[in-house]
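Worksheet for the structure shown next.
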Amino acid sequence: MAPPRPSDPVEHAAIEHGLAILRSGGLVAIPTETVYGLAADASNEQAVRRIFAVKGRPVDHPLIVHIADAASMTEWSHDLPASAALLAEACWPGPLTVLVPKAAHVLDVVTGGRTSVGLRVPAHRITGELLRRFGGGLAAPSANRFGKVSPTTAQHVHNDLGDDVDLVLDGGPCPVGVESTIVDCTVDPPQVLRPGGIPTEHISALLDGRLTHASGPNRAPGMLASHYAPHCRVLLAGDGDEMDDLAAATPGSITMGLDVDLADYAQNLYQWLRDADIGGRSAVVALLPPARGLGHAIRDRLIKAAAHRAD
Ligand code: TXA
Ligand code: MG
């Protein structure tokens with residue numbers, strides 16, 4: 001990871017502006033390496049409530065608290081599991097969220113009343129500086145309306161949220177493109193609740209194989225069957241032939257995922273889903289990548305985007 005560079009004057013002024021808004025209880029969209037987040041001061045109940053209102057998100061879906069560094073974890077959890085400390089040390093800053101037992105001061109509105117809190121140190125120069133200067137934690141879900149496609153550029157946030165967000169800090173396109181991997185470290189062995197930007201194989205290797213997958217219903221609220229959905233239909237293809245057949249049978253559709261490597265697929269996934277809507281496509285026919293590395297996260301998002309929805 002490149003060392004942080006000193007920010008230029010324009011960037012510095014934008015960060016100052018963001019800090020002032022956050023300190024007065026406003027909402028700031030922040031760039032991260034995964035997707036843009038909709039951030040509020042995690043210790044300000046009113047500000048956090050506004051995140052739910054703007055997103056249209058059920059209040060029992062907890063928010064990840066973004067922090068400046070691994071050393072700050074102990075401010076949010078007084079009973080830090082060894083697995084969480086180990087993973088944080090190895091993966092942060094980076095696309096990993098760990099669930100740990102929450103400290104008493106962590107607001108119920110942030111955790112959805114749960115006894116755990118999700119923590120993450122994002123790898124983005126602007127947001128890193130914002131967090132270091134803010135000092136506290138920033139509660140931030142992805143900066144999209146509930147159930148819709150996550151934003152990977154500042155323009156996506158403007159398009160989706162308009163004036164409902166007080167400031168969008170433009171940090172360019174998100175390089176990873178899919179959300180963080182969520183690992184529940186409150187259980188032993190730890191469980192992957194959401195595949196994401198750090199491949200599950202990597203997490204498993206760091207834990208010497210002591211890792212399982214989420215079991216039981218509702219392990220993480222927000223892991224709904226239908227999610228990350230564009231307006232048009234999403235059809236899944238297991239291979240190139242099936243993709244051709246589905247595309248031929250679906251007038252107005254567009255295909256996605258052939259001849260791209262996994263990193264490019266992840267980085268562009270949400271942009272391509274948005275492009276299909278902008279282009280008025282009837283459907284996206286998406287190739288399911290192999291279940292390895294970033295392929296786990298891409299498959300998860302595609303399957304949710306393709307799930308039956310009420311609307
Ligand atoms: O990459 C990411 O993780 C992005 C960027 C902005 O950091 N954030 C993100 O947040 O994807 P969100 O809110 O869209 O998804 C977080 C998921 C939700 O499904 C939520 O229910 C789950 O994490 N979650 C957060 N804290 C939790 C907790 N204490 N227990 C169970 N699930 C939790
Ligand atoms: Mg989200």
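Averaged per residue, what accessible area in Å² does the chain show with a 1.4 Å probe, protein chains only? Show your work: numbers first, answer last.
Working: 13170 Å² over 311 residues.
It amounts to 42 Å² per residue over the chain.
Here the gap between R133 and H213, fully extended at 0.36 nm per residue and compared with their Cα-Cα distance, gives a gain of 25.2 nm.
Kindly provide the helix-only [θ] at 222 nm of the chain, computed as the sum of -39,500 (n - 2.57) over DSSP H runs of four or more divided by all residues, to the nearest 500 deg cm²/dmol? It would help to have the intermediate numbers written out before the result.
On the way: 11 runs with 108 residues, N = 311.
Taken over the chain, the calculation gives -10000 deg cm²/dmol.
Of the residues D41, D239, D108, the one that moves most in a GNM of the chain with alpha-carbon contacts below 10 Å is D239. Summing Cβ point charges (Lys, Arg +1; Asp, Glu -1) relative to the Cα centre of the stretch 9-213 gives a dipole of roughly 300 debye. Couplings 3J(HN,Hα) for the stretch 25-36, derived from phi with the Karplus relation 6.51 cos²θ - 1.76 cosθ + 1.60 (θ = phi - 60°), are x, x, 10, 10, 7, 10, x, 9, 5, 9, 8, 6 Hz, where x marks Gly and Pro. Here the spin labels are modelled as points 7 Å beyond Cα on the Cα-Cβ line, and at A104 and V10 they lie 4.9 nm apart.
In a reduced charge model with +1 at each Lys and Arg Cβ and -1 at each Asp and Glu Cβ, the stretch 233-305 shows a dipole moment near 400 debye about its Cα centre.
For A143, the residues whose amide H sits under 5 Å from its own are Y36, G37, L38, ignoring neighbours fewer than 5 places away on the same chain, with H placed 1.01 Å from N.
For E75 and Q155, what is the calculated FRET efficiency with R₀ set at 35 Å and r taken between the beta-carbons, to the nearest 0.05? List each step's numbers first, then the result.
Numbers: r = 34 Å, r/R0 = 0.98.
The value I calculate is 0.55.
Which is farthest toward the positive dipole end of the chain among N44, V192, S83, measuring Cα position about the Cα centre, with Cβ charges +1 (Lys, Arg) and -1 (Asp, Glu)? Checking the options against the dipole of the chain, the answer is N44. Taking a ≥ b ≥ c as the square roots of the Cα gyration tensor eigenvalues, with a/c under 1.5 meaning rounded and otherwise prolate when a/b beats b/c, else oblate, which class fits the stretch 233-305? Verdict is oblate for the stretch 233-305. With the cut-off at 25 Å, report for the chain the share of all Cα pairs above it, as a whole percent. Result for the distance tail: 47 percent.
For E16, the solvent-accessible surface with a 1.4 Å probe is about 80 Å², rounded to the nearest 10. For the stretch 65-182, the square roots of the Cα gyration tensor eigenvalues, ordered a ≥ b ≥ c, give a/c of at least 1.5 with a/b greater than b/c, which places it in the prolate category.
Placing unit charges on each Cβ (+1 for Lys and Arg, -1 for Asp and Glu) gives the chain a dipole about its Cα centre, and among N268, V100, T152 the Cα reaching farthest toward its positive end belongs to V100. At full extension, L19 and D244 could sit 76.0 nm farther apart than now, given 0.36 nm per residue minus the alpha carbon distance.
If you plug the beta carbon distance of E45 and D261 into 1/(1 + (r/R0)^6) with R0 = 51 Å, you get a FRET efficiency near 0.70.
The values are calculated or read from the model by the stated rules, or taken from the named source; none is laboratory data. Treat the numbers as computed from the prediction; the structure is a model and nothing was measured. All Cβ positions, even for glycine, are placed from backbone atoms using ideal geometry, and neighbour counts span all protein chains on display. With ligands, DNA and RNA removed, areas are computed over all heavy atoms of the protein, side chains included. Shrake-Rupley method; radii C 1.70, N 1.55, O 1.52, S 1.80 Å.
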